[in-house]
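I have placed the structure first, in the form of structure tokens, so that the comments after it can refer back to it.
The values are calculated or read from the model by the stated rules, or taken from the named source; none is laboratory data. All of these numbers come straight from a predicted model, not from anything done at the bench. Positions of Cβ are generated from backbone atoms using ideal geometry, with glycine treated the same way; all protein chains shown enter the neighbour counts. Side chains are part of the model used for accessible areas, which takes the heavy atoms of the whole protein and leaves out ligands, DNA and RNA. Shrake-Rupley method; radii C 1.70, N 1.55, O 1.52, S 1.80 Å.
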Amino acid sequence: MPVKRYLAPLLLATLVFSSTLGAYGHGLGTDQSLPTTIGGRQVAVEASISPTFIESVGKSPPTLTIRTLDPRNNSTIAGGIDYRVVVEKGNNTLLDQEFRSSDGIVLAKLVPDANADAAQVNDQASPGRVNVSKDAPVEIRSRIMSDGGLYKVSVTLQTSSTGLQVESDRTFDLFVSVSKTQDFSVQTAEGDQKMSVMTYYADVSNLEYDRDTNSISFSMPFDWASSYVSQVPLVHMEVMFPKAIKELQVNGYRGSVDGKELPPDAVLIDDYSYEGLRVVHFVLNNDRLTGVKGSGNTMDFVLAPADKPKFPLDLLSTTEKYVWEMSWGPEVIESGSPTTFVMNVQDNSVGDLVRNASFDFVITKDGREVYRKHLASGQGTFSEQYTFLEPGNYRVAAQKINGENESAQIDVVVLQGSGNSNNNATTPTQQQQPSGCLIATAAFGSELTPQVQFLRGFRDNYVLKSMSGSAFMSIFNAVYYSFSPQVADYEREQPWLQATVKAALYPLFGILLASEQAFSSAGGGEGGTILAGAVASTLIGAVYVSPLAAGAAIAARKKVNSRTVAIAAIVAAGALVATLVAIAAGSVQVLSITTPAFVIALAAAAALAVVRLVQRKKASR
């Protein structure tokens with residue numbers, strides 16, 4: 001069985017209240033309640049089902065283990081504990097049995113029987129309270145482990161216990177997942193292919209592959225009643241398909257549940273667990289499930305290639321010790337055009353950046369190494385630029401992370417670049433937008449920080465929603481990415497510069513918030529983009545450019561007169577008129593000239609106006 005790098009961290013890291021006394025959430029093979037006080041001491045209850053993969057039942061005898069423990073040192077509370085254990089799956093009760101454990105442990109050897117109407121304990125139906133211990137396990141024949149999915153294990157500590165002073169029966173609802181893989185045959189452009197879904201919740205049905213949209217859809221039973229959803233901490237599904245399906249070998253995916261599009265960190269790519277297979281994980285915690293607001297009795301999943309990947313991508317290392325987080329720009333990788341990779345290394349156990357991190361940045365194509373460079377960073381963040389010489393599928397990897405036997409990787413698709421295409425036809429290339437602000441990312445340490453996410457969100461949700469905004473960004477990116485990788489590299493090694501950039505960026509957040517309000521008040525679209533750009537340019541000029549203008553005026557020993565301000569304002573007005581004409585004509589080429597001119601002229605006019613105002617106030621004193 002290949003190492004499943006995502007399962008434990010994704011399932012066990014979710015801390016969600018979901019029981020009478022509370023539980024940590026759906027665990028893969030095990031779950032433990034929140035600590036509580038019983039009889040003056042700290043107590044927790046743990047339930048485990050083994051093995052964690054239903055396909056392994058024939059190779060490893062299945063067991064169910066219940067124990068009461070001291071959460072401070074994980075030691076079992078012995079001396080005689082009386083239990084009532086109820087195991088349910090879906091709406092079916094598979095076991096309802098009382099036990100008396102001399103050592104605090106209920107160990108049951110399971111005999112899965114899909115046809116069992118009722119559970120038998122030691123070959124008896126309803127035998128009353130049964131003695132059990134770790135050294136004297138019982139045998140239970142039932143439907144437990146006859147199928148994978150989510151098992152609810154309700155454990156009641158009874159007042160008759162002698163090893164623990166239980167004043168009233170205390171019930172703990174625990175949720176234990178056992179994975180199950182279901183295979184489906186689909187027709188693709190490459191012929192008949194096998195796709196699989198590994199579910200930790202319920203059986204999947206109706207998996208279909210749409211060759212027109214290259215989308216995968218499937219459903220599973222799910223009760224969308226709010227009273228039930230509130231008890232579900234996590235739903236985790238894995239979709240597996242051959243990398244040979246070219247239409248699905250892309251750099252990013254869009255995932256949705258019941259028509260609700262999911263955020264990037266809910267749809268995760270795994271190119272490491274299985275050779276020749278790509279795994280895409282759906283990870284829905286309770287907040288996301290609540291936000292879906294589904295209806296009916298099924299949960300409907302759709303996975304489809306995205307035009308552009310959603311960053312950042314989180315890639316776990318070989319033993320899950322590290323997270324290699326990466327983005328790249330432009331988002332659509334083309335041969336012959338430089339691609340900037342922005343990366344960091346995080347400690348998976350705590351989620352913090354690893355300082356003084358290092359790894360070998362390696363790119364391979366068809367098993368042949370085409371690039372290798374050792375990267376090291378005191379801040380744990382990295383930027384590396386590489387130009388792919390030809391189109392095709394490549395593997396980008398971080399090897400020997402921190403000098404250890406830890407690696408992470410992802411397969412990326414490089415498209416034929418327009419600059420070196422052998423096709424003489426003049427087809428327009430897809431608009432490319434780099435993934436984020438390298439300088440801001442270097443300042444705040446990660447693309448996951450709210451500040452960097454806000455900057456990206458403003459770009460994606462406001463600027464790029466219109467033709468004029470997209471035209472401006474194409475010019476902005478050409479200029480910005482000509483120098484920002486070098487600046488970001490230097491910034492990461494200079495803590496004083498990081499602090500300075502952070503402080504300098506905070507006024508920009510307020511400016512962009514005002515621009516968002518302007519965009520919304522204008523009803524969005526081209527008008528909203530222009531108004532938002534006008535607000536942003538004016539405020540940026542007043543806040544950031546005016547000190548430079550004032551310094552230049554002082555150095556030249558000149559005053560800014562009203563005529564100078566008027567000229568800048570007239571140029572801005574002319575650029576605005578030209579922009580409106582270009583929008584009406586649908587000319588992206590003209591917009592790529594007029595929109596930067598409008599922004600620069602308006603920012604200059606605002607800066608000059610501020611300087612003139614300050615000079616006049618000083619002169620009047």
For the chain, give the share of DSSP beta bridges that are antiparallel, in percent and rounded to the nearest 5; count only bridges with both residues there. 90
List the lysines whose alpha-carbon lies under 17 Å from that of Lys109, not counting same-chain residues fewer than 8 positions away? Lys59, Lys134
Between Gln589 and Lys373, how high is the FRET efficiency from 1/(1 + (r/R0)^6) when r is the Cβ-Cβ distance and R₀ = 25 Å? Nearest 0.05. 0.10
Over the chain, with the other protein chains present, what is the accessible area per residue in square angstrom, probe 1.4 angstrom? 45
Whole-Hz ³J(HN,Hα) from phi, Karplus 6.51 cos²θ - 1.76 cosθ + 1.60, for region 218-231, glycine and proline x: 7, 9, 8, x, 7, 8, 8, 4, 4, 5, 7, 4, 4, 9
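Report the charge-dipole magnitude of region 180-306 in Debye, nearest 20, computed about the Cα centre from +1 at each Lys and Arg Cβ and -1 at each Asp and Glu Cβ.
140
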Under the rule a/c < 1.5 gives rounded, and otherwise a/b versus b/c splits prolate from oblate, where does region 445-601 land using the Cα gyration tensor? oblate
Between Asn131 and Thr65, what is 0.36 nm times their sequence separation minus the Cα-Cα distance? Round to one decimal in nm. 22.3 nm
Can you give me the angle between helix 562-585 and the longest principal axis of the chain, using Cα atoms only, in degrees from 0 to 90, rounded to the nearest 10? 60
Rounding to the nearest 20 debye, state how big the charge dipole of region 30-178 is about its Cα centre with +1 on each Lys and Arg Cβ and -1 on each Asp and Glu Cβ. 220
Given the DSSP H assignment, sum -39500 (n - 2.57) over each helix run of at least 4 residues in the chain and divide by its residue total; what's the result at 222 nm in deg cm²/dmol, nearest 500? -9000 deg cm²/dmol
DSSP-assigned coil residues among trypsin sites (Lys or Arg not before Pro) in region 115-158, each with at most 16 further Cβ atoms within 10 Å: Arg129, Lys134
Normalised by the empirical 2.2 N^0.38 Å for globular proteins, what value does the Cα Rg of region 253-409 take? 1.14
Dimensionless Rg ratio for region 30-178, taking C-alpha atoms and the 2.2 N^0.38 Å reference: 0.99
In degrees between 0 and 90, to the nearest 10, how far off the longest principal axis of the chain does helix 525-540 point, with axes built from Cα atoms? 70
Run the reach check for Lys559 against lysines, Cα to Cα strictly under 28 Å, same-chain hits fewer than 8 apart removed. What comes back? Lys617, Lys618
In nanometres, what is the gap between the two model label sites at Lys321 and Asn206, each 7 Å from Cα along Cα-to-Cβ? 4.6
Relative to the present Cα-Cα distance, how much length would full extension add between Asn91 and Ser217 at 0.36 nm per residue of separation? 42.8 nm
Loop by DSSP (not H, G, I, E, B), at most 12 other beta-carbon atoms within 10 Å: where is the longest site-free stretch of the chain for GluC sites (Glu not before Pro)? 276-492
Tell me, what is the percent relative contact order of the chain, built from C-alpha pairs under 8 Å that lie six or more residues apart? 8
Here is the link list: Lys194/Lys293; Lys373/Lys502; Lys373/Lys400. Which ones come out longer than 23 Å on Cα distance? Lys194/Lys293; Lys373/Lys502
For region 300-364, just say rounded, prolate or oblate: build the C-alpha gyration tensor, square-root its eigenvalues into a ≥ b ≥ c, call rounded for a/c under 1.5, and beyond that prolate if a/b exceeds b/c, oblate if not. oblate
Angle between the chain longest axis and helix 495-521 axis [Cα atoms, degrees, rounded to 10]: 90
Length-normalised contact order for region 180-306 - Cα pairs under 8 Å, 6+ apart - percent: 30
Sequence neighbours fewer than 8 away in the same chain don't count; with that in mind, list the lysines whose C-alpha is under 20 Å from Lys308. Lys243, Lys246, Lys260, Lys465
Trypsin sites (Lys or Arg not before Pro) in region 49-120 lying in a DSSP loop, each with at most 13 other Cβ atoms within 10 Å of its Cβ, come to Lys59, Arg72
Express the relative contact order of region 488-586 as a whole percentage, based on alpha carbon pairs under 8 Å and six or more residues apart in sequence. 16
